[in-house]
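Some notes on the structure that comes next.
All of the numbers you see were taken from the coordinates with simple rules; none came from a lab. All figures in this text were calculated on a predicted structure; none of them were measured in a lab. Every residue, glycine among them, receives a Cβ derived from its backbone with ideal geometry; neighbour counts consider all protein chains shown.
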Amino acid sequence: MFRRRFVTPRRVSFFGQSARLAHKPQRPIALAAAGPVHPDAVSPFRPFAVLLLALLLLVAGCATNSSQVAPLMESPAIAQQIAAEPVGDFYIGRRVFAPPFAIWGYVRSPRQSWLTAKLVILNEKFQFAPDRARNQLGSDNGSEYRLYGYFSGDQIYDASAGRFCTEFVLKRAELVTANPDPIWSAYFIRDRQMFQGWARGGSQPMHP
């Protein structure tokens, strides 16, 4: 179970928060005995209903397990680049500078679609973000990086965005390119499209 913490745009204070789901047991329902049921009394539609229910559960399970989470676009050229990426103990990140939000950008695994990327807030206890290290915040907007680190499993509350974002603990960042092919529209940041379909107070949603 992940933890949720809160962060202001200046990242000055965190507060622990845990969530529990309470299960209220239901009282057993007493069924009156109505005597034996004759086999011919069973509805012929019952097998069909059972099959229909199984199909509905299968479809719901596929929707729940969908890995598409990011409202980004991916051209065939970008898909080819991703398929040819080297693999290793690192992640691929794309910087999104969108003040006043505390988000850093999108992070995905190598050879995985950008549609699976997570919008993250960086934990910089080991290493400052590249633009912060240069004291030039936002100067690398849109740049693509090879990121070394790990997902902490925590959700960080961005007070300006009003949403919980995934925390990525950064250890090292290597610039791949400062001018990669775009994966969002020209108005992506202006129109806050990174929060499309994302309810305030919630975590990054899963899209079908």
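Hey, got a sec? Which chymotrypsin sites (Phe, Trp or Tyr not before Pro) in region 149-192 land in a DSSP loop and have at most 12 other Cβ atoms within 10 Å?
On the way: sites: 150, 151, 157, 164, 168, 184, 187, 188; in loops: 184, 187, 188.
Within region 149-192, the qualifying chymotrypsin sites (Phe, Trp or Tyr not before Pro) (loop, at most 12 other Cβ atoms within 10 Å) are 187.
Once backbone amide H atoms are built at 1.01 Å from N, residue 123 has 168, 169, 170 as its partners under 5 Å, excluding neighbours fewer than 5 places away on the same chain. Taking 7 Å steps out from each Cα toward its Cβ at residue 150 and residue 200 produces label points 3.6 nm apart. Full extension of the chain between residue 126 and residue 175 yields a length gain of 15.9 nm, computed as 0.36 nm times the residue separation minus the alpha carbon distance. Sorting the segments 192-202, 73-83 by their mean number of nearby beta carbons within 10 angstrom, highest to lowest, gives 192-202, 73-83.
Reducing region 89-137 and region 160-208 to their Cα centroids gives an inter-centroid distance of 9 Å.
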